[in-house]
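Report on the structure given below.
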Amino acid sequence: MSITASGIENLDTAVNEVTASVEKLASAADSMAEPKVTALEDSLSSLGDLVKSPQISTAYLDKVSTALSDVDTAWNDLVTTLKTSCPEVKASTV
């Protein structure tokens, strides 16, 4: 697998954009969703930290893969919680 500087920069940009959106969501979240939003924020923060100091190694790629999986899990947990409390939520899990 080839890791390029532009690929890492694009991932960093995407993480920053998603994090900004989640921060807006956090300010609007009710008490039921708040722990799930916090978990999503934490997983995005961990991913962002990894992306800010890239390394060319299999271990690094494994860490990024795990961090992406953690973001996915946190997102799916949040969507499930929101759909339970508000069935008209249009977001979907991935």
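Throughout, read-outs are computed from the coordinates displayed, never taken from laboratory work. Keep in mind that this is a model prediction, so the values were computed, not measured. Glycine gets a Cβ as well: all are built from the backbone with ideal geometry, and neighbour counts include every protein chain shown.
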**Request:** May I ask you to sort 56, 8 by Cβ crowding, counting other Cβ atoms within 10 Å and putting the fewest first?
**Result:** 56, 8
**Fill in**
Total charge of the residues flanking residue 12 in space, meaning their Cβ is under 12 Å from its Cβ, with Lys and Arg +1 and Asp and Glu -1, is -2
**Asked** Can you pull the semi-axes for segment 5-85, root of five times each eigenvalue of the Cα gyration tensor, sorted largest first, whole Å?
**Response** 26, 13, 8
**Request:** Excluding residues fewer than 8 places away in the same chain, name every one of the lysines whose C-alpha is closer than 28 Å to that of residue 63.
**Result:** 24, 36, 52
**Message:** Using the basic label-point model (7 angstrom from Cα toward the beta carbon), what is the residue 88 to residue 59 distance in nanometres?
**Reply:** 5.2 nm
**Request:** Count the net charge of all other residues whose Cβ sits under 14 Å from the Cβ of residue 30, scoring Lys and Arg as +1 and Asp and Glu as -1.
**Result:** +1
**Rounded tilt (10° steps) of 34-52 against the dominant C-alpha axis of the chain** = 10 degrees
